[in-house]
Amino acid sequence: MQKAIVVYYLTEKKNNLSDLNQLLQEGWKVVSQSAMSGAGGGGAVYSLVIIEKD
């Protein structure tokens, strides 16, 4: 099974890195990662991450 998630990082307190880390702890593996452009600048970073689990 595969999942696609958008990982974002706005600031140290405004991000969803903990969601990705939780999935990795549950046994999901990263298949691919692609950078995405942010709308309007502001220093935000977005990445499309494809993960899979048997």
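The values are calculated or read from the model by the stated rules, or taken from the named source; none is laboratory data. Keep in mind that this is a model prediction, so the values were computed, not measured. Using ideal geometry, Cβ is built from the backbone for each residue, glycine included, and neighbour counts are taken over all protein chains shown. Calculation scope for accessible area: heavy atoms of the full protein, side chains included, ligands and nucleic acids excluded. Shrake-Rupley method; radii C 1.70, N 1.55, O 1.52, S 1.80 Å.
Things worth noting here:
- Accessible surface calculations at 1.4 Å, restricted to protein heavy atoms, place the chain at 75 Å² per residue.
- Sequence ranges 29-37, 15-23, ranked by mean other-Cβ count within 10 angstrom, highest first: 15-23, 29-37
- Principal axis analysis of the Cα atoms in the chain yields extents of 38, 21, 10 Å, listed in decreasing size.
- The sum of -39500 (n - 2.57) across all DSSP H runs of n ≥ 4, divided by the residue count of the chain, sets its helix-only mean residue ellipticity at 222 nm to -4500 deg cm²/dmol.
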